[in-house]
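The structure appears below as structure tokens.
The values are calculated or read from the model by the stated rules, or taken from the named source; none is laboratory data. Here the structure is a predicted model, which means the values were calculated and not measured. Here Cβ is always computed from backbone atoms with ideal geometry, including for glycine, and neighbour counts include all displayed protein chains. For the accessible areas, the whole protein counts, side chains as well, though only heavy atoms, and no ligand, DNA or RNA atoms are used. Shrake-Rupley method; radii C 1.70, N 1.55, O 1.52, S 1.80 Å.
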Amino acid sequence: MTAHPLTPAILVLEDGRTFRGSAWGAEGRTLGEAVFSTGMTGYQETLTDPSYAGQIVVMTAPHVGNTGTNAQDDESRRVWVAGYAARDAARVASNWRNEKTLDELLAEQGIVSIRDIDTRAVTRHLRSAGSMRAGIFSGEALGSRTVDELLAEVREQPSMAGQRLAETVTTEQAHTIEPSEHGWDGEVIGDVAAIDLGIKSMTPRRMAERGLRVHVLPATTTVEQIRELGADGVFISNGPGDPETAEAQIEVLRDVLRSGTPFFGICFGNQLLGRALGFGTYKLPFGHRGINQPVLDRRTGKVEITAQNHGFAVDAPLDGPVEAPTGGFGRVEVSHIGLNDQVVEGLNCLDIPAFSVQYHPEAAAGPHDAAYLFDRFVDMLRTREPFTGGAQAEAVVAETTQSTASQEAKN
């Protein structure tokens, strides 16, 4: 049901704070984790980013929807946010690429949303108290119900910590992105097995533009299936949920690392690399969500402005290199750090061909400071053999362990 502009709506946070406004998009009830995004543009890419599954996104930009929406800018097959909140929703979509208004898109896909609230106040509250469970209620779902009744419903939902969501957003069927489809007219450089835990459409496109054939695979892909594919490299995407719940994908990744196959991970993929190496992960108070996050590349001293969307981070020592807690993987270093709060923003393995970053180098929408990371992955693939597993994997582990032991003896 499409919301009427004057239909009352309320955003209820689990600590009892409430914000009253008007219904937007669809009327009804929705529950999720309230988070805020600081992007001044790219609202359609935010809505269709699978990493936002299970979350009610509060936009800090005061005016949202002025350019409408179009099918070309979608980052996945649908809108994934659990709910949406804005201060001033545009009454008119004014752009030559517009196909439907933001209100129409939200209503069409059943996204219960709220507008006309003080999103600055919501953001300041979440920044102090942390992201938390929340709900948006409007229409019959609101009716004459009391705040206490709504609050009880909000508090009954599970928290984001411990949620396993990647399997709910992954591709249903494997598919291939060809380099020739994206402007590459040379020989294919290599084949990449991209495990989709919530991949954005721009990510495989960035690899295809550089000559890589990308096989986008479901979250349930096994190491045997990757082996049969004969991939030259493996990629793990961004995605929603708690990385601690991704045991199956972590085990697959460990087999990939043992084989010596080049690996690249972003966002959720960075967290899974951390856990595969033996580090922990933890939930951030309110996460990093936006397209203006400063990150330091510790090797070059260069500061990158990055696009980010994550609520968990890797717990690894900033002083390194250190030996990976999980044996056989050699040394690892924190390659990038967030300048706002010193959070780990990247990992680089020194004895096996693997690296990852916590942010989004495909940056749709956002800055392109980190696009070089795709070039780095291409360079790794040019010098490595395809993934075969088995005896090759055992040999790589033995060689790495022996090399590490020899280095320790020298020290």
Name the residues in the stretch 333-372 that are open to solvent by 10 Å² or more (accessible area, probe 1.4 Å), more than 20 Å from GLY311 (Cβ to Cβ) and without any contact (Cβ under 8 Å) to a residue 60 or more places away in the chain, would you? GLU333, ASN348, LEU350, ASP351, HIS368, TYR372
Would you pick out the residues in the stretch 147-180 that are outside any helix (DSSP H, G or I) and open to solvent by 70 Å² or more (accessible area, probe 1.4 Å)? PRO158, ARG164, GLU172, GLN173, HIS175
Of the residues GLY135, GLY110, GLY143, which single one is touching a strand residue (DSSP E or B) at 6+ places or on another chain (Cβ under 7 Å), more than 24 Å from ALA307 (Cα to Cα) and surrounded by fewer than 16 Cβ atoms within 10 Å (Cβ to Cβ)? GLY110
Scan the stretch 123-130 and tell me whether some residue there is open to solvent by less than 60 Å² (accessible area, probe 1.4 Å), without any contact (Cβ under 8 Å) to a residue 40 or more places away in the chain and at negative phi. no
Output the residues belonging to the stretch 224-245 that are open to solvent by less than 10 Å² (accessible area, probe 1.4 Å) and either touching a strand residue (DSSP E or B) at 6+ places or on another chain (Cβ under 6 Å) or not in a loop (DSSP other than H, G, I, E, B) (or both). ILE226, ALA231, GLY233, VAL234, PHE235, ILE236, ASN238, PRO240, PRO243
